[in-house]
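Take a look at the structure below.
The values are calculated or read from the model by the stated rules, or taken from the named source; none is laboratory data. Treat the numbers as computed from the prediction; the structure is a model and nothing was measured. Cβ coordinates were reconstructed from backbone atoms using ideal geometry, including for glycine residues, and neighbour counts include every protein chain displayed. When the accessible area is computed, the model is the full protein with side chains, heavy atoms only, and any ligands, DNA or RNA have been set aside. Shrake-Rupley method; radii C 1.70, N 1.55, O 1.52, S 1.80 Å.
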Amino acid sequence: MVLSDSPVAEYKMPDYLYGSTIPFIRSLKSSAYKCQAFCPAVGQPSILTGLPAAVLSHCQVHQIPAVLYQCYSDVISPDSVTMETYKPALTSLSKLVKLESCPSADVLRKVAKISETQSNLYT
């Protein structure tokens, strides 16, 4: 799974003007990827460039299942609103990949609290 973002000006289809809100997401997948993408495909004449396109091309040539999710937004760098558009992709990824359990939130809070205390100049 490849996650990428681009300015909305690079999206060449008019469909986002008719009901899509910005940011929005589109997909492109290799022929070996058999699962259904959760969003519409990138339509022609829109193109994908750079490292994300190179990774997907590599996967296509070597018959590696891959999907690229391209987020189009009106911000220069990704922000929290842009990141929210990737949530369905990450949810679907969590069903495919078994991850080891991470430390509980309480353990992480304790670590953060210890580092906060130690960095205070007045204690």
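From largest accessible area down, sort Glu10, Glu84; use a 1.4 Å probe on the protein chains.
Largest accessible area first, the list is Glu84, Glu10.
First measure r as the distance between the Cβ atoms of Val81 and Ala41, then evaluate 1/(1 + (r/R0)^6) with R0 = 25 Å and state the FRET efficiency to the nearest 0.05.
According to the calculation, E is roughly 0.65.
Could you sort Tyr33, Tyr11 by their accessible area in this structure, using a 1.4 Å probe and putting the largest first? Don't skip to the end; give the middle numbers.
On the way: Tyr33 35, Tyr11 10 Å².
So, going from the largest accessible area down, we get Tyr33, Tyr11.
Which FRET efficiency, nearest 0.05, do Thr91 and His58 yield, Cβ-Cβ r, R0 25 Å?
0.50
Roughly how many Å² of Lys12 are accessible to a 1.4 Å probe, to the nearest 10?
Its accessible surface works out to 110 Å², give or take rounding.
Ignoring ligands, DNA and RNA, how do Val55, Val8 rank by accessible area with a 1.4 Å probe, largest first? Could you put the intermediate results ahead of the total?
Working: Val55 55, Val8 25 Å².
Accessible-area ranking of Val55, Val8, largest first: Val55, Val8.
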